[in-house]
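Structure first, commentary second.
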Amino acid sequence: MKKLKRLLITLTALPLLLASCGSKPVEGQNSTDSRQTDSGSHISQPIRDITASELVSEMKIGWALGNTMDSTIGKTGEDSAKYETGWGNILTTRDAIQKLADDGFNVLRVPVSWGEHLSVDGSYTIDPEWLDRVNEIVDYGIDSGMFVILNTHHEEWIFPDEAHFGSNSDELEKVWTQIGNRFEGYNEKLIFEGLNEPRKRDTIYEWNGGDEEGQQIVNRLNSVFVKTIRNLNGNNPKRCLMIPTYAASALEKTFAAMELPENDDKIIVSVHAYIPYNFALAGQQQGIAEWNSSDPSCTSEIDTLMENLKIYFLDKNVPVVIGEMGCVNRNNTEARADWAQYYVGKAKEYGIPCVWWDNGAYLGDGELFGIYSRNSGSWIFRDIEEALMKGAGI
């Protein structure tokens, strides 16, 4: 998702974090390091040699660990916990992830920002402590029986133009080589997602689907990622991989511009779609709180997206995962639940699993996508969770 700068404000009575353009209390955060390291071993698992379409058919509904391992606050070399909690969320626990699985989620997306944890000597060596912590969280999901999507997230060193392609492709290859080597023994439950929302940041092309140069460079970066993983050992040649459109955009022009690897039936297309924008994502002052699944004017954008994904990808036997979706809290739980059930249900008709973006923010202003309390392991918005399950047919 598009992120604005995060400002950490400490008040005498109540710590607040401006996370994802919205403020939220840091709920019951304990200064004790609650990271758990008793994850099971997955270093040598057999992998099923199945197509991406077969694998995606087993994915039902997902939840993303937003504003956590993708935090970019802190300094290179600092304790990983300072990053993990930097945007206001508590340290991730095994119990919190297990609760998600128990309640029906069988996909865990783990967004990770790596750039702040790389050496500056040109080898781009990942800080071992950071890689170990990512590994622990991946294991929480795998141990709970979930599919886990592991990505590179707020990598602001990526800029898709010709001038940056050489350095970007070199760094991307070196980072994914290390990630791929670390997880080479993991089976098909672990999916790599090469890039998050690669785009020309702070330009007129950032969120409008891009220009031809940007679209083609994203295609080339996707190719670098796929070739890197395929050339590694272990299960990597058979691992399913996710690649995004330009900016992971759901615009039809980005679908038309996307080039897919040839002779690789283990590729999944990733798109992000917070639609309709005025209801799902627009700022609190500009957005609208009403939505009705019985009104075609409300549902038309969702319907059109699913049909376009069918035309451009599904009809070509290329599966799709909507890796980010959700709608912000405007004190409109009933409308949000209606939206969630319709959106996920419509995607299910096309065989497209959806992943709710949960950034832990649910109070204040801004991008309030939090629906689950990681601290208590309970649902802040149970009605929305139930709607997601109904839409997914669970």
### Query
What Kirkwood hydrodynamic radius, in Å, does region 285-327 give when the mean of 1/r is taken over all pairs of distinct Cα atoms and then inverted?
12.4 Å
### Task
Based on a Kirkwood Rh over C-alpha pairs, give the Stokes-Einstein translational diffusion coefficient of the chain at 10 °C and viscosity 1.306 mPa s in µm²/s.
76 µm²/s
### Message
Are there DSSP H segments in the chain that both extend 18 Å or more along their axis (alpha-carbon positions) and score a mean Kyte-Doolittle hydropathy of at least 0.0? List them, or say none.
### Response
none
### Query
Considering the dipole of the chain built from charges on the beta carbon (Lys and Arg +1, Asp and Glu -1) around the Cα centre, which of Val138, Tyr350, Ile217 is farthest to its positive end?
Val138
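As a test of the formula, what do you get for the chain when each DSSP H run with n ≥ 4 contributes -39,500 (n - 2.57) and the sum is divided by the residue count, at 222 nm and rounded to the nearest 500 deg cm²/dmol? The partial results should precede the final answer.
Numbers: 11 runs with 130 residues, N = 394.
So the helix-based figure for the chain works out to -10000 deg cm²/dmol.
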### Summary
Quick calc, the chain, dipole around Cα centre from Cβ unit charges on Lys, Arg (+) and Asp, Glu (-), nearest 20 debye, gives 320 debye
### Query
Sorted by average packing, counted as other Cβ atoms within 10 angstrom per residue and highest first, what order do 360-367, 323-330 take?
323-330, 360-367
### Message
P(r) for region 113-156, please, calculated from all Cα pair distances in 5 Å bins and given in %.
### Response
5, 20, 24, 23, 15, 9, 4, 1
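Under unit Cβ charges (Lys, Arg +1; Asp, Glu -1), what dipole magnitude, rounded to 20 debye, does region 305-365 have relative to its Cα centre?
Rounded to the nearest 20 debye, it is 160 debye.
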### Summary
With N residues in region 187-294, Rg(alpha-carbon) / (2.2 N^0.38 Å) equals 1.27
## Note on the structure
Among Gly180, Ala101, Gly88, the residue whose Cα sits farthest towards the positive end of the charge dipole of the chain (+1 at Cβ of Lys and Arg, -1 at Cβ of Asp and Glu, taken about the Cα centre) is Ala101
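Since every read-out is calculated from the coordinates, none of them should be taken as a lab result. Fair warning: this is a prediction, and the values are worked out from it, not measured in the lab. FYI the Cβ positions are ideal-geometry reconstructions off the backbone, even for glycines, and counts take in every protein chain you see.
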